[in-house]
Amino acid sequence: MAAPVEAVQPLVQYLVLRGDLARAPFSWPLGALVAQGCHAAIAALHAHRDHPNTAAYLQDLGSMRKVVLEAPDEAALVALAETLKQNNIDHMLWLEQPENIATCIALRPYFKGEVNTHLRKFKLLK
């Protein structure tokens with residue numbers, strides 16, 4: 001009998017950040033991009049603070065795991081948000097204000113096997 005997913009996989013918070021914001025014509029500084037990921041991650045944790053996975057993730061602060069992936073542009077990020085919504089995957093699409101620009105998606109903590117099919121086409125942010 002196979003072990004439950006929880007027994008073999010840690011909880012992970014996935015973030016998908018727009019890579020095009022770091023390149024021309026946007027050329028956002030690294031700090032601004034990091035801030036977008038931070039905003040999205042904290043917003044997702046707060047929005048889903050009552051979920052048992054979020055509580056478990058926050059229980060051991062020294063063992064938090066995040067994976068930051070890259071979306072090529074805003075269209076890909078918005079399409080991912082729609083896919084996640086259609087598949088009932090809890091997430092937060094961060095919109096930078098006042099420009100109302102979609103910059104990052106953060107999922108609440110999940111086990112990798114629960115969400116990897118939706119994130120498979122995105123590579124690690126470099």
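Can you tell me how many residues in the range 23-69 are β-branched (Val, Ile, Thr) and closer than 15 Å to PHE111 by Cβ? Let's see the steps before the verdict.
Of the residues in the range 23-69, the ones β-branched (Val, Ile, Thr) are 34, 42, 54, 67-68.
Subset that is closer than 15 Å to PHE111 by Cβ: 54, 67.
Counting residues in the range 23-69 that are β-branched (Val, Ile, Thr) and closer than 15 Å to PHE111 by Cβ gives 2.
Summed over the range 112-124, residues that are open to solvent by less than 90 Å² (accessible area, probe 1.4 Å), touching a Leu at 6+ places or on another chain (Cβ under 8 Å) and either over 17 Å from HIS91 (Cβ atoms) or not aliphatic (A, V, I, L, M) (or both) total 2.
State the number of residues belonging to the range 8-39 that are touching a Pro at 6+ places or on another chain (Cβ under 7 Å) and either of a type in the set (Asp, Glu) or farther than 22 Å from LEU61 by Cβ (or both).
We begin by selecting, within the range 8-39, every residue touching a Pro at 6+ places or on another chain (Cβ under 7 Å); these are 11-13, 19-20.
Restricting the remaining residues to those that are either of a type in the set (Asp, Glu) or farther than 22 Å from LEU61 by Cβ (or both) gives 19-20.
Residues meeting the conditions: 2.
When the strands (runs of 3 or more DSSP E) confined to the range 1-109 are screened for residues that are among the hydrophobic types (A, V, I, L, M, F, W, C), touching a residue at least 40 places away in the same chain (Cβ under 8 Å) and buried (at least 20 other Cβ atoms within 10 Å of the Cβ), those reaching at least 2 such residues are found at 11-18, 91-96, 101-107.
The values are calculated or read from the model by the stated rules, or taken from the named source; none is laboratory data. Computed from a predicted structure; not experimentally measured. Every residue, glycine among them, receives a Cβ derived from its backbone with ideal geometry; neighbour counts consider all protein chains shown. The accessibility values were calculated without ligands, DNA or RNA, using every heavy atom of the protein model including side chains. Shrake-Rupley method; radii C 1.70, N 1.55, O 1.52, S 1.80 Å.
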